[in-house]
Ligand SMILES: Cc1cc2nc3c(=O)[nH]c(=O)nc-3n(C[C@H](O)[C@H](O)[C@H](O)COP(=O)(O)O)c2cc1C
C-alpha cells in the first residue's frame with residue numbers, strides 16, 4: 001500500500017469518526033428534553049403502580065393530578081412546608097431529592113453511625129404523596145432510596161391509612177444485576193410486600209427483609225419478606241434502606257405526627 005493511500009485511509013477514518021461523533025452529540029442534545037420528560041413520566045407511573053392506580057388505558061399525568069396530592073415535609077419535625085415557602089428546589093412540581101440533598105440549606109450529611117441506607121447525605125425536606133379517594137386520604141406514598149451492590153436504588157413505598165400496612169413497594173431506578181439484585185423488579189417479589197406490617201402492635205419498626213425465606217410459622221412472618229436468592233447484598237441494601245426511611249431519622253417523625261393528628 002502506498003504512503004498516499006495510507007494517509008487517505010486515515011483521513012477518511014478520522015472524517016467518519018468526526019461525522020459520527022457530531023451525529024451522536026446532536027442526538028444526545030436534541031433528545032435530552034425528551035429523555036428527561038420520559039424519566040419524569042416513568043416516575044409518575046411508578047407512583048401510580050405503587051398506589052394501585054395505574055391503568056394502561058388511563059392518562060398517567062391526569063390520573064396523577066386527580067388522585068395524588070404531593071406535599072413537602074420537613075423530616076425532622078414531620079411538619080408539611082407551607083406552599084409560600086416553596087422555591088426552585090423545594091416544590092412539588094420538579095422535586096429532585098439528589099439536588100435537595102446536595103444543597104447546603106436543604107440537605108444534611110448523615111452521621112456515619114446513622115447512615116443505614118449508605119447515602120451519606122439526605123434531604124431535610126422530602127416530597128410525599130397522599131392518595132385521595134372520595135375526598136379522604138386513603139394511603140400515603142413515601143420515596144425511599146439507598147445503596148445496593150452496584151447502585152443506589154430509588155423507589156416508593158405505599159402505606160395504608162393505618163400507617164402500618166404496606167400497600168405497595170417498587171423501585172423506579174437502580175443498576176443492580178439483572179437476574180440477581182435486579183430481581184427487585186420482579187412483580188411477584190414486589191407483591192410479596194403487600195399486606196406486610198411495617199410496624200408491630202407496639203408501633204415499633206418491624207419490617208425486615210430476610211436473607212432467605214420467611215418461615216410461615218414464624219410469629220413475625222407478618223412483617224418479614226423473602227430475600228432475593230443469589231443476591232444477599234442487594235437484599236441487605238433493601239432491608240437497610242427501608243428500615244432507615246421508616247425509622248426515626250427518616251419518616252418516623254412524620255408518621256408519628258400523622259398518628260397523633262390523623263391524616264387530613
Ligand atoms: C457479575 C456479578 C454481578 C453480581 N450482582 C449482584 C447483585 O446485583 N446483587 C447481589 O446481591 N449480588 C450480586 N452478585 C453476587 C455477590 O457478589 C454475592 O455473591 C451474592 O450477593 C451472595 O448472595 P447469596 O448469599 O444469596 O448467594 C454479583 C456477582 C457477580 C459476579
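Values in this text are rule-based calculations from the coordinates and carry no lab data. All of these numbers come straight from a predicted model, not from anything done at the bench. Backbone-built Cβ (ideal geometry, glycine too); neighbour counts: all protein chains shown.
Rounded if a/c is under 1.5, else prolate if a/b is larger than b/c, else oblate: which is the stretch 1-103, with a ≥ b ≥ c the root eigenvalues of its Cα gyration tensor? List each step's numbers first, then the result.
Numbers: a/c = 4.78, a/b = 2.48, b/c = 1.93.
Prolate, because a/c is 1.5 or more and a/b exceeds b/c.
Roughly how many nanometres apart are two label points built 7 Å out from the Cα toward the Cβ at residue 83 and residue 264?
Result: 1.6 nm between the two label points.
Using alpha-carbon positions, what is the distance between the centroids of the stretch 1-70 and the stretch 219-264, in Å?
34
Cα axis of helix 3-51 to longest principal axis of the chain: angle in degrees, 0 to 90, nearest 10?
20
Would you work out if the stretch 46-186 is rounded, prolate or oblate? Take a ≥ b ≥ c from the square roots of the eigenvalues of the alpha-carbon gyration tensor; rounded if a/c is under 1.5, else prolate when a/b is larger than b/c, oblate otherwise.
Numbers: a/c = 1.70, a/b = 1.08, b/c = 1.57.
Note, shape of the stretch 46-186 comes out oblate.
Sorted by mean Cβ packing within 10 Å, highest first, what order do the peptides 223-235, 201-213 take?
Values: 223-235: 19.2, 201-213: 14.2.
My ranking of the peptides, most packed first, is 223-235, 201-213.
With r defined as the distance between the Cβ atoms of residue 57 and residue 96 and R0 fixed at 41 Å, what FRET efficiency is calculated, to the nearest 0.05?
On the way: r = 30 Å, r/R0 = 0.72.
With R0 = 41 Å, the Cβ-Cβ based efficiency is 0.85.
Counting each DSSP H run of 4 or more residues in the chain as -39500 (n - 2.57), what helix-only mean residue ellipticity at 222 nm follows after dividing by all residues, to the nearest 500 deg cm²/dmol? Working shown, then result.
Numbers: 6 runs with 93 residues, N = 264.
It comes out at -11500 deg cm²/dmol, rounded to the nearest 500.
By how many degrees, between 0 and 90 and to the nearest 10, does the Cα long axis of helix 232-246 differ from the longest principal axis of the chain?
50
With 10 angstrom as the radius, rank 120, 57, 196 by how many other C-beta atoms surround their C-beta, starting from the fewest. Before the final figure, lay out the partial values.
Working: 120 11, 57 4, 196 21.
Fewest-to-most Cβ neighbours within 10 Å comes out as 57, 120, 196.
Can you give the extra length, in nm with one decimal, that the chain gains between residue 200 and residue 221 once fully stretched, where that is 0.36 nm per residue apart less the Cα-Cα distance? Working shown, then result.
Working: separation 21, 0.36 × 21 = 7.56 nm, distance 1.13 nm.
Working it through step by step, the gained length comes to 6.4 nm.
Mind running the shape call on the stretch 211-264? Use the C-alpha gyration tensor, a ≥ b ≥ c as the square roots of the eigenvalues: rounded below 1.5 for a/c, prolate if a/b tops b/c, oblate otherwise.
Values: a/c = 4.04, a/b = 1.79, b/c = 2.26.
Oblate, because a/c is 1.5 or more while a/b does not exceed b/c.
Ranking 249, 133 by Cβ neighbours within 10 Å, fewest first, what do you get? Walk me through the numbers on the way to the answer.
Values: 249 17, 133 13.
Going from least to most buried by this count: 133, 249.
Below 8 Å, C-alpha to C-alpha, sequence gap of six or more: please give me the relative contact order for the stretch 76-220 in percent.
Working: 209 pairs, mean separation 17.2, N = 145.
Computed over the stretch 76-220, the figure is 12 percent.
Beta carbons within 10 angstrom, averaged per residue: use that to sort the peptides 122-132, 39-49, highest first.
Details: 122-132: 21.7, 39-49: 16.8.
In decreasing order of mean packing, 122-132, 39-49 become 122-132, 39-49.
Using only alpha carbon pairs under 8 Å that are at least six residues apart, calculate the relative contact order of the chain and give it in whole percent. Each step should come with its number before you reach the end.
Values: 431 pairs, mean separation 42.5, N = 264.
Computed value for the chain: 16 percent relative contact order.
Considering all projection directions equally, how large on average is the shadow of the alpha-carbon convex hull of the chain, in square nanometres?
Numbers: hull surface 81.0 nm².
Its Cα hull, projected and averaged over all orientations, spans 20.2 nm².
Could you identify which residue out of 188, 34, 99 has the top mean-square fluctuation in a GNM of the chain using Cα springs shorter than 10 Å?
Answer for the Gaussian network model of the chain: 34.
Per-residue counts of other Cβ atoms within 10 Å, averaged by peptide: what ranking do you get for 89-97, 68-76, highest first?
Numbers: 89-97: 15.0, 68-76: 17.3.
So the order, starting with the most tightly packed, is 68-76, 89-97.
Please report the relative contact order for the stretch 185-245, taking Cα pairs under 8 Å with a sequence separation of at least 6, and give it as a percent rounded to a whole number. Please list the in-between numbers first.
Numbers: 69 pairs, mean separation 18.5, N = 61.
So the answer I get is 30 percent.
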